[in-house]
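**Q** What follows is a single structure, and I will ask about it in a moment.
Here, each number is a calculation from the coordinates, and none is a lab measurement. Values in this document were obtained by computation on a predicted structure and should not be read as measured data. All Cβ positions, even for glycine, are placed from backbone atoms using ideal geometry, and neighbour counts span all protein chains on display.
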Amino acid sequence: MGQGLSCRAGNHEHGLFTAVHHGHLLTVTSLLDHDPSLLHHTTVYDRHSPLHIAAAKGHIHILSNLLDRSLNPDLLNRQKQTPLMLAAMHGKIDCVQKLLQAGANVLMFDSIYGRTCLHYSAYYGHFSCLKAILSAAQSSPVAASWGFSRFVNIRDGKGATPLHLAARQRRPDCVRVLLDSGALVCASTGGYGCPGSTPLHVAARGGSLDCIRELLAWGADRLQRDASGRIPYVVAMKHKHGACASLLNPSSAEPLVWPSPLKFISELNQEAKALLEQALKDANREREKNILLKPTTYSLPSPSHSDDDNISQVSESALCCICFEQECTIEVQNCGHQMCAQCTLALCCHNKPNPATAALTPPVCPFCRSAIARLVAVKVEAQEEVDQDTNNGSKLSKSSRKTRNTNEGGSSSFKGLSFAKLGSRSSGRIAADDEWIHKD
């Protein structure tokens, strides 16, 4: 039988599968024009149709030719897999997009693991395919009939969501997209891995620091236990992922957590959101260093050792009135007050929400106590400052530009002081990843 091609198959049938496999469009077209019935033939063992083979191999021209012949985009092979599943599995984004345009059903389940095309794109880490499928689900009947949030958290035959698979397979980009699309950060599995495992448990088992960072920043509970009573810290220690265990240790500082994405982050424009994302990343990475390096002393920066060549110049009018170190980059609407991104983040971040309590009230402006309607990025413009020395009668011209301080190599109260003043919690993270090989 070989690769699923029957010994009894006719020459034309065998030639069609070979031509599709190698991407010979002219041969495929000629064979189908001569015998259109070949379009519905399949390989003997796996029951792959020509559409399955074209999708898995990424031959977009052949796939388009087959679809133009009114071929059903949801054909099934022996394992009940559709061409869309195979394209997502192999990361063939062009074929994924073409099949979605042809109306391929994203809610088809295979018979091996009970997985959909969303599970496969998350499992194999095909970021672009994942985004294309999620985008199609939002505009397809799935969103109206089944519900988009339900689709994002769809479970396979063992109770694993796409977020579980992405976290276990060390796919941080996919984890981020799924969380941003509404994936439940504390969802528990059924029979996948250890029953009752959350995405944080499986990320701890896989040893992916980047996945753990994303999950913690979205409010993953470090104290949630699986069916065996283990917290993620114990799982990381069992699999000898010491760096991950340091971040997951309940005695270490808590991470900063994004505000509720539905009630607050949705009110951010893209520029402001990018500034806050960078501020959160910098803050949590700084806390990682504190956890891993375990410094014995802590000293505040001394202004007497500042170097004009190394410190960016920021005018007093642009200085944040909360920390007095960072430039104002975020503006509160409608009151118009300004803060730096770090202090805005400290203001907006909150503890992980308790499902048993009511939703937290939205943050208010620290200056006028009015409700924050929207956050926007401050427009930064170059300006020329002229300082006059009346005592010497000379004029010194200095050109200074407002530059954002990103805490690279420098020191600021944001790293140790300003968040403590605002009452926020801190967290930690690490820089090195441990290797782990997944076994189903």
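**Q** How do the peptides 81-89, 137-145 rank, highest first, by the average count of neighbouring beta carbon atoms within 10 Å per residue?
**A** My ranking of the peptides, most packed first, is 81-89, 137-145.
**Q** Also, I was wondering about something else. Enumerate the calculated ³J(HN,Hα) couplings along segment 216-233 in order (Karplus 6.51 cos²θ - 1.76 cosθ + 1.60, θ = phi - 60°), each rounded to whole Hz, writing x wherever the residue is Gly or Pro.
**A** Computed from phi, the couplings for segment 216-233 are 5, 5, 9, x, 4, 8, 6, 9, 6, 9, 8, 5, 8, x, 9, 8, x, 4 Hz.
**Q** So how much slack lies between THR29 and LEU223, counting 0.36 nm per residue of separation and subtracting their Cα-Cα distance, in nm?
**A** Contour length minus the Cα-Cα distance gives 63.9 nm.
**Q** If packing is taken as the average number of other Cβ atoms within 10 Å across a peptide's residues, how do 91-98, 61-68 rank, most packed first?
**A** Order by mean packing, descending: 91-98, 61-68.
**Q** Right, another one. For the peptides 240-246, 156-162, what is the packing order when you average, over each peptide's residues, the other Cβ atoms within 10 Å and list the highest mean first?
**A** Listed from highest to lowest mean packing, they are 156-162, 240-246.
**Q** If I model a spin label as a point 7 Å beyond the Cα along the Cα-Cβ vector, how far apart are those points for GLN278 and CYS335 in nm?
**A** 2.6
**Q** Filter LYS240/LYS281; LYS131/LYS289; LYS158/LYS238 down to the pairs with a C-alpha to C-alpha distance above 29 Å, please.
**A** Checking Cα-Cα distances, LYS131/LYS289 exceed 29 Å.
**Q** Which order results if ILE330, ILE231 are arranged by neighbouring Cβ count within 10 Å, fewest first?
**A** Lowest count first: ILE231, ILE330.
**Q** Ranking LYS131, LYS80 by Cβ neighbours within 10 Å, fewest first, what do you get?
**A** By the 10 Å Cβ count, ascending, the order reads LYS80, LYS131.
**Q** Determine the gain in length on full extension of the stretch MET108-ARG47; use 0.36 nm per residue of separation and subtract their C-alpha separation, reporting nm with one decimal.
**A** Residue separation times 0.36 nm, minus the Cα-Cα distance, leaves 20.3 nm.
**Q** Report the charge-dipole magnitude of segment 9-121 in Debye, nearest 20, computed about the Cα centre from +1 at each Lys and Arg Cβ and -1 at each Asp and Glu Cβ.
**A** Value, rounded to 20: 300 debye.
**Q** How large is Rg over Rh for segment 121-223, taking Rg from the Cα atoms and Rh as the Kirkwood inverse mean of 1/r across Cα pairs?
**A** Ratio value, two decimals: 0.95.
**Q** Another question, then. Label ASP68 and HIS14 with points 7 Å out from Cα along Cα→Cβ: what is the distance between them in nm?
**A** Taking the two extended label points, one gets 2.9 nm.
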